[in-house]
Amino acid sequence: VQLVESGGGMVQPGGSLRLSCTASGRAASVNVLAWYRQAPGNEREWLGASTLDGGANYADSVKGRFTISRDSASNTMYLQMDNLKPEDTAVYYCKIAGSNVWGQGTQVTVSA
């Protein structure tokens, strides 16, 4: 299975972005997908995860601002990010939970 993220970009504080993570290959076998981010000089941070049945959980740092969803028909997971702050600036990655399969990452920059 391979993962490809998209949807990153630059946005002003208070704005929104939606990231996508599309799985290819034997994607139907993937149950839990997770989102991470890594800012310069920081360790990679877990943001949340989703399951095929639509469940999701979140890190406290993004709870209430970020929403994870899945579309099993397209093997895609989304990360809706609202009320973005400059400290959300990072490279965002998706990952298959319990594996070492990562996407290539997509840059999100929040700046006035």
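The values are calculated or read from the model by the stated rules, or taken from the named source; none is laboratory data. Keep in mind it's a predicted model, so treat the numbers as computed, not measured. Cβ placement follows ideal geometry from the backbone for every residue including glycine, while neighbour counts extend to all protein chains displayed. Note: areas computed on protein heavy atoms with side chains; ligands, DNA, RNA excluded. Shrake-Rupley method; radii C 1.70, N 1.55, O 1.52, S 1.80 Å.
Details
- Residue ID - modelled with the lowest pLDDT, chosen from residues in the range 73-90 that are over 16 Å from SER61 (Cβ atoms) and open to solvent by less than 50 Å² (accessible area, probe 1.4 Å): SER74
- Residue under evaluation ALA112, criteria (1) among the hydrophobic types (A, V, I, L, M, F, W, C); (2) under 19 Å from PRO13 (Cβ atoms); (3) out of contact with any Leu (no Cβ under 8 Å at 6 or more places or on another chain); (4) surrounded by 14 or more Cβ atoms within 10 Å (Cβ to Cβ), criterion not met: (4)
- Qualifying residue in the range 27-43 (condition: open to solvent by 60 Å² or more (accessible area, probe 1.4 Å), under 18 Å from TRP102 (Cβ atoms) and of a type in the set (Asp, Glu)): yes
- Tally, over the range 76-91, of residues that are among the basic types (Lys, Arg) and within 11 Å of the chain's Cα centre (by Cα): 0
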